[in-house]
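J.: Structure provided below as structure tokens; questions to follow.
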Amino acid sequence: MTKLLKLFFLLFLPCMFYACKSDDIVANNGGTTNSAEMYSYTNQPVTYDNNVYRVVTIDRNSYYAVSFDKFYKVTNNVPALFTPNADVFHPNTAFIYDDNYIVFAGTRISDGKKQLMIFDNGAYTIADLPVAYGASLSNLVFYGRAKFFCTFYDSLKYVKYDSGTFSAYTVPGQFIRKIGKSGSSIYLIVRNPSFERTIYKINESGYTAIRTEPEDLSVETLNSDILQFGNSPTVVSYFSETGWNSMFTLENSYYDYPSTIKGETRNNFIGIREGGNDSLLAYVWNGTNYIKQTNVPPDVNFQNMFFYSTSEYRDNTFYILATNNDDSKKVFKVTLR
């Protein structure tokens with residue numbers, strides 16, 4: 001029963017990924033072999049709150065940790081409660097433009113209304129999101145300081161924020177699957193009926209359809225690129241408005257498929273997955289080769305794991321929150337060396 005529950009959560013919870021187990025080596029697709037130790041990995045037990053369910057990267061030394069009724073800033077594994085406006089607003093995630101501009105998404109404590117709390121040069125401002133009470137924010141992408149777009153789970157609505165003013169838009173289709181950047185441009189990937197998807201480019205004035213295509217291949221986002229993973233063979237391609245452009249092919253599409261990818265651009269990113277004996281496997285694409293990393297320490301593993309989630313990539317760092325079968329938690333910090 002435990003294994004079945006584990007499989008269920010890994011397949012269906014947002015931002016949590018299931019991977020088949022293997023320790024096979026991935027071929028480098030030609031070229032000169034590069035470093036197999038590009039990242040460092042640190043195990044940081046979570047001892048301050050067993051209800052933490054999300055982590056948000058601040059930088060390579062700190063992250064936000066979200067609990068059911070608390071919000072922490074954790075620096076060098078030392079937690080501190082985050083208390084601004086804590087009597088009226090509970091944050092459940094954060095999006096960071098820079099150290100002086102941060103958007104916290106959460107709810108008004110009195111009635112559960114979805115709100116944003118914006119930190120701008122030392123001052124906090126709370127604003128109501130122009131969405132229904134049941135809407136749940138899925139992602140937020142900046143297109144400038146005090147300028148961003150945000151999307152919502154199971155919805156065709158997206159919201160633009162520009163220096164204090166909200167504008168809501170609705171695209172055709174079933175729901176927005178992804179929002180991501182390719183270079184400086186921002187795109188929505190929208191699911192349509194009949195197993196199709198439409199890619200829209202969005203900007204300050206609205207949206208424009210780029211193309212409609214079959215929805216049979218997986219799409220993942222990096223900070224400034226959108227990638228597609230093919231099937232049999234697994235060709236990894238990057239998005240452009242004229243089509244998908246092939247980069248490389250995974251040698252074994254069954255065993256070497258990453259659970260999640262993190263990085264700034266298509267020229268250098270890391271993919272992780274669960275391997276044999278509950279190990280954490282990591283592979284790095286450096287623009288030429290896709291290389292299995294050999295320096296993941298034994299204590300960075302998924303033994304007794306129930307599920308895991310990952311934070312965004314910032315300051316060449318991301319964090320993995322692993323929840324064990326006994327509900328204990330641990331955080332793995334993964335940092336570019």
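The values are calculated or read from the model by the stated rules, or taken from the named source; none is laboratory data. All values reported here derive from a predicted model rather than from experimental measurement. Every residue, glycine among them, receives a Cβ derived from its backbone with ideal geometry; neighbour counts consider all protein chains shown.
J.: Could you identify the single residue in P214, P172, P193 that is loosely packed, with under 15 Cβ neighbours inside 10 Å, more than 29 Å from E251 (Cβ to Cβ) and at pLDDT below 95?
T.: P193
J.: Can you find, within the range 307-337, the residue that is surrounded by the most Cβ atoms within 10 Å (Cβ to Cβ) among those that are of a type in the set (A, V, I, L, M), under 26 Å from D49 (Cβ atoms) and modelled with pLDDT of 95 or more?
T.: V334
J.: Same structure again: Filter the range 103-128 down to residues that are more than 26 Å from the chain's Cα centre (by Cα) and of a type in the set (D, E), then give me how many there are.
T.: Residues meeting the conditions: 1.
J.: Out of all the residues in the range 291-306, which are surrounded by fewer than 22 Cβ atoms within 10 Å (Cβ to Cβ), in contact (Cβ under 8 Å) with a residue 40 or more places away in the chain and not basic (K, R)?
T.: Correct list: Q293, T294, N295, V296, P297, D299, V300, M305, F306.
J.: Which is modelled with pLDDT of 95 or more and either on the phi > 0 side of the Ramachandran plot or in contact with a His (Cβ under 9 Å, 6 or more places away or on another chain) (or both), of G206, G180?
T.: G206 is the lone residue from the list that is modelled with pLDDT of 95 or more and either on the phi > 0 side of the Ramachandran plot or in contact with a His (Cβ under 9 Å, 6 or more places away or on another chain) (or both).
J.: Here's a check for you: in the range 289-333, which residue that is of a type in the set (D, E) and within 22 Å of the chain's Cα centre (by Cα) is farthest from S224 (Cα to Cα)?
T.: For the range 289-333, the residue satisfying everything is D315.
J.: Could you count how many residues in the range 194-217 are outside any strand (DSSP E or B) and under 14 Å from W244 (Cβ atoms)?
T.: 3
J.: Same structure again: Of the residues that sit in the range 56-92 and are at negative phi and polar (S, T, N, Q), which one is surrounded by the most Cβ atoms within 10 Å (Cβ to Cβ)?
T.: Selected residue: T57.
J.: Take the residues in the range 260-279 that are surrounded by 21 or more Cβ atoms within 10 Å (Cβ to Cβ) and of a type outside the set (V, I, T); name whichever of them is nearest to G183 (Cα to Cα).
T.: It comes out as R266.
J.: Taking the condition part of a strand (DSSP E or B) and touching a helix residue (DSSP H, G or I) at 6+ places or on another chain (Cβ under 7 Å), does F269 pass?
T.: No.
J.: Can you name the residue in the range 104-124 that is surrounded by fewer than 18 Cβ atoms within 10 Å (Cβ to Cβ) and touching a Pro at 6+ places or on another chain (Cβ under 9 Å) and, of all such residues, is modelled with the highest pLDDT?
T.: Per the stated criteria, the residue is Y124.
J.: Go through (1) closer than 28 Å to K330 by Cα; (2) over 20 Å from the mean Cα position of the chain (by Cα); (3) surrounded by fewer than 18 Cβ atoms within 10 Å (Cβ to Cβ) one by one and return the number of the condition S136 breaks.
T.: S136 satisfies every listed condition except (2).
J.: Sticking with this one: Taking the range 225-248 as the region of interest, how many residues are surrounded by fewer than 16 Cβ atoms within 10 Å (Cβ to Cβ) and at negative phi?
T.: Qualifying residue count for the region: 7.
J.: When the residues of the range 233-257 are narrowed to those that are farther than 26 Å from Y200 by Cα and in contact (Cβ under 8 Å) with a residue 40 or more places away in the chain, which ends up nearest to the chain's Cα centre (by Cα)?
T.: Applying the filter and picking the extreme gives Y257.
J.: OK, next. Could you tell me which numbered condition N100 fails, if it satisfies all but one of (1) farther than 30 Å from S224 by Cβ; (2) exposed (fewer than 13 other Cβ atoms within 10 Å of the Cβ)?
T.: Checking N100 against (1) farther than 30 Å from S224 by Cβ; (2) exposed (fewer than 13 other Cβ atoms within 10 Å of the Cβ), the one that fails is (1).
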